[in-house]
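All remarks here apply to the structure that follows.
Every read-out reported here was derived from the displayed coordinates using simple, explicitly stated rules and does not represent laboratory data. Since the model is a prediction, treat every value here as computed from it, not as a measurement. Note that we place each Cβ from the backbone using ideal geometry, even for glycine, and neighbour counts take in every protein chain shown.
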Amino acid sequence: MKALITGATSGIGEAIAVNLHELGYELVITGRREERLAKLVDRLEGHRVSSHTLDVTDDVAISEVVAAAGEVDVLVNNAGGALGLASAQEAQLSDWLTMIATNITGLTVLTHALLPQMVRRGSGIIINLGSVAGEFPYPGGNVYGATKAYVRQFSLNLKADLAGTGVRVTDIEPGMVGDTEFSLVRFNHDADRAASVYDNMTALKPADIADLVRYIVTLPSHVNINTVSLMPVDQGFGPFNVARQS
Ligand SMILES: NC(=O)c1ccc[n+]([C@@H]2O[C@H](COP(=O)([O-])OP(=O)(O)OC[C@H]3O[C@@H](n4cnc5c(N)ncnc54)[C@H](OP(=O)(O)O)[C@@H]3O)[C@@H](O)[C@H]2O)c1
């Protein structure tokens, strides 16, 4: 069995790679940072793992990686993230476009490239990393949340089309996951601001998401988990905000 994972260079993607490797999967690990990929290959002792530097916003690179990967049983569309937490009226357009290109277009192009072989074989699992931000709005979540809403609905619509093909699709929608670079990237590598997000609370760990992936891929082939929403016990939902006249 072979798994292709995007964004395996840190956080959730790296944990999923380690977990699937333990489960006996041959891995195709990808990400933009070559040195991180090399480190993970070392950690896995180079055993049943190939790595490819891949920016998921590069369509040509995606088709090259897909051609090199061969038959893929599990696709984990994990690469992505949030850029900034500014309100819509103050956000950088370039941040919005990067999130759309990565979280939406990259995931879509890679899925489109791998679907035919899965359907031909009559088996395969696509696991997408959505977010609770795709369902619940919060101030500053604007385009990030919208990209994850796309991931949620795309996953469900894939499921609709793939019924009867043997191909399974799951959208995993986590709340706050610590020990990742998510907040570091969101806050433009401001380490203090990133760390403060997880102050005095216990966030989910990448291993929690990886355990969920392990569960999903070891289910009997007639079972499809459509959507999984999970949060730290310490996280909840915000109240509606009300702009009051003074
Ligand atoms: N952490 C959370 O609280 C949380 C909650 C809900 C959902 N998620 C989602 O979980 C996924 C993983 O995030 P994480 O928390 O593990 O954050 P992370 O540690 O920052 O990991 C993000 C990964 O995505 C890769 N990536 C980013 N842009 C890319 C691009 N253009 N091409 C290829 N790879 C790219 C990064 O690798 P390179 O930089 O090496 O390319 C990195 O491996 C994301 O989709 C995120 O939206 C995270």
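When restricted to Cα atoms, region 1-118 yields an Rg and a Dmax of 14.8, 49 Å, respectively. Scalar couplings 3J(HN,Hα) for region 149-155, obtained by applying the Karplus form with A = 6.51, B = -1.76, C = 1.60 to θ = phi - 60°, are 5, 4, 4, 4, 6, 4, 4 Hz; x denotes Gly and Pro.
Annotated for the chain: lysine pairs at least 8 residues apart or interchain, Cα distance under 22 Å, count 5.
Inverting the mean 1/r over all pairs of different Cα atoms, compute the Kirkwood radius of region 186-246 and quote it in Å.
One decimal place: 15.5 Å for the Kirkwood radius.
Relative to the longest principal axis of the Cα atoms of the chain, the long axis of helix 11-22 lies at roughly 30 degrees. What number, in percent, do you get for the relative contact order of the chain if the mean sequence gap of Cα pairs under 8 Å and at least 6 apart is divided by its residue count? Reported as a whole number, the value is 20 percent.
One quarter of the convex hull surface built on the alpha carbon atoms of region 131-246 amounts to 9.7 nm², the projected area averaged over directions. Within the shell defined by Cβ-Cβ distances under 15 Å, the residues around Met118 carry a net charge of +2, with Lys and Arg each +1 and Asp and Glu each -1. For the chain, the ratio of Cα radius of gyration to the globular rule of thumb 2.2 N^0.38 Å stands at 1.00. Excluding Ile209 itself, calculate the net charge of residues whose Cβ lies under 12 Å from the Cβ of Ile209, where each Lys or Arg counts +1 and each Asp or Glu counts -1. Charge balance in the 12 Å sphere: -3.
One Cα centroid belongs to region 37-73, the other to region 161-176; the line between them spans 22 Å. Summing +1 for each Lys or Arg and -1 for each Asp or Glu among the other residues whose beta-carbon sits under 14 angstrom from that of Arg36 gives -2.
Here the Karplus relation 6.51 cos²θ - 1.76 cosθ + 1.60, evaluated at θ = phi - 60°, turns the backbone of region 24-40 into coupling constants of x, 6, 7, 10, 10, 9, 9, x, 7, 8, 4, 5, 5, 5, 4, 5, 5 Hz, with x for every Gly and Pro.
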